[in-house]
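Enquirer: One structure is given below, represented as structure tokens, and several questions about it will come after.
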Amino acid sequence: MIAFIYGEDNFRSAEKLKKLKEDFFKKNTSNASSSVFDFNEEDYWSKLKTALKSKGLFAQNSLIVVKNLLSREGLNSREEIIKFLENKFKNIDYSEDVIVFWEGGKIKKNDKIFKWLIKNSQSQEFNKLEGLLLKKWVQEKFLNFNIKVSEEISGSLINNKNGDLSAIDKEILKIVNFIGENGSDEDLSDQVAKLINSSVEANIFQTVELMSSGNKKQALEMLHRQLEQGDDPFYILSMYIYQIRNLLKIAEFYFQGNFSHLDISKIVKLHPFVVQKGTQQLRNLDFNKLREIYKKLEKIDEDAKRGKRDIGIGMELLISEM
């Protein structure tokens, strides 16, 4: 198969490339090879020709990724390249092999290689998403984690990240980390809105990771940055409580010898991504220590609501004592 992935939306086209790679190696669990030739790095034409000429390409199932061939300046004659490709793939059964041409950014559609690829490959163009299409994409991303949100919420997230799909995707993963995977049809727009509207820059998950690994200095620095952003300290504290509560759910099975991310995620109704990250943190903690941290966080919350303690000072003390 020859695939051609292109368009100005580099994020979605890169996702498509990643999916093709994953599908290839799922299908070919053994006796498979892969190579990547990125023409943004150097002119790989001679090396690419050698790889394509190699008998090994068709002796075993192979994946060859050719990136940014069309945009390479000073490239060999277009006619020479097209002639080589035509001769190479004419009357050859390469159905088990995958050759992917990937082009980021804007392309000249009158380019001879572009025309040849459109004619001779399975091509897919990724244009930049805008308006309703972009909102729908965000909603579908949430639905991948069984989280249902409104069009209004997806619009807020888009505005918050200036339409940057990579930043939006990372924010969605962060939100999933706090909310977990939802197993019902409940609309979670209100919960998501609170997280989107937060101006906390540092990731709570990362701070907990630093706490669990004993890196008190960096954990305190991140806590200070979070508090300095001006968000409600009670909200920041609630995110820590939520994160530790999730870790306790995972720990209950992890410390009993169940290390399967998928099994645990089904039981505790958290996404496998969250469970995987959680089990990594649990390597530096024991169940009793985790429960102690959770009780101290709840005590900070209780005292702060009664006006007996400052949340920032309470959190600093907690981290320092770990």
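Enquirer: State all residues of the range 156-170 that are buried (at least 17 other Cβ atoms within 10 Å of the Cβ), over 12 Å from the mean Cα position of the chain (by Cα) and either of a type in the set (Asp, Glu) or under 19 Å from Asn127 (Cα atoms) (or both); if no residue qualifies, say none.
Expert: Ile158, Lys161
Enquirer: If a residue must be under 21 Å from Ala14 (Cβ atoms) and more than 26 Å from the chain's Cα centre (by Cα), how many such residues does the range 112-123 contain?
Expert: The qualifying residues number 5.
Enquirer: What number of residues within the range 72-83 are modelled with pLDDT under 85 and either surrounded by fewer than 17 Cβ atoms within 10 Å (Cβ to Cβ) or in a strand (DSSP E or B) (or both)?
Expert: Looking only at that region, the number is 8.
Enquirer: Within the range 36-48, is even one residue among the aliphatic types (A, V, I, L, M) and over 23 Å from the mean Cα position of the chain (by Cα)?
Expert: Among the residues of the range 36-48, at least one is among the aliphatic types (A, V, I, L, M) and over 23 Å from the mean Cα position of the chain (by Cα), which makes the answer yes.
Enquirer: Within the range 142-149, identify whether any single residue is at pLDDT 85 or above, in a loop (DSSP other than H, G, I, E, B) and closer than 25 Å to Lys47 by Cβ, and answer yes or no.
Expert: no
Enquirer: Follow-up. Where in the range 1-71 are the helices (runs of 4 or more DSSP H), entirely inside, with at least 3 residues that are touching an Asp or Glu at 6+ places or on another chain (Cβ under 9 Å) and modelled with pLDDT of 80 or more?
Expert: Passing ranges, in order: 10-27.
Enquirer: Counting only residues that are surrounded by fewer than 11 Cβ atoms within 10 Å (Cβ to Cβ) and acidic (Asp, Glu), which one in the range 124-144 is farthest from the chain's Cα centre (by Cα)?
Expert: Glu130
The values are calculated or read from the model by the stated rules, or taken from the named source; none is laboratory data. Please read all numbers here as calculations on a predicted model, not as lab measurements. Here Cβ is always computed from backbone atoms with ideal geometry, including for glycine, and neighbour counts include all displayed protein chains.
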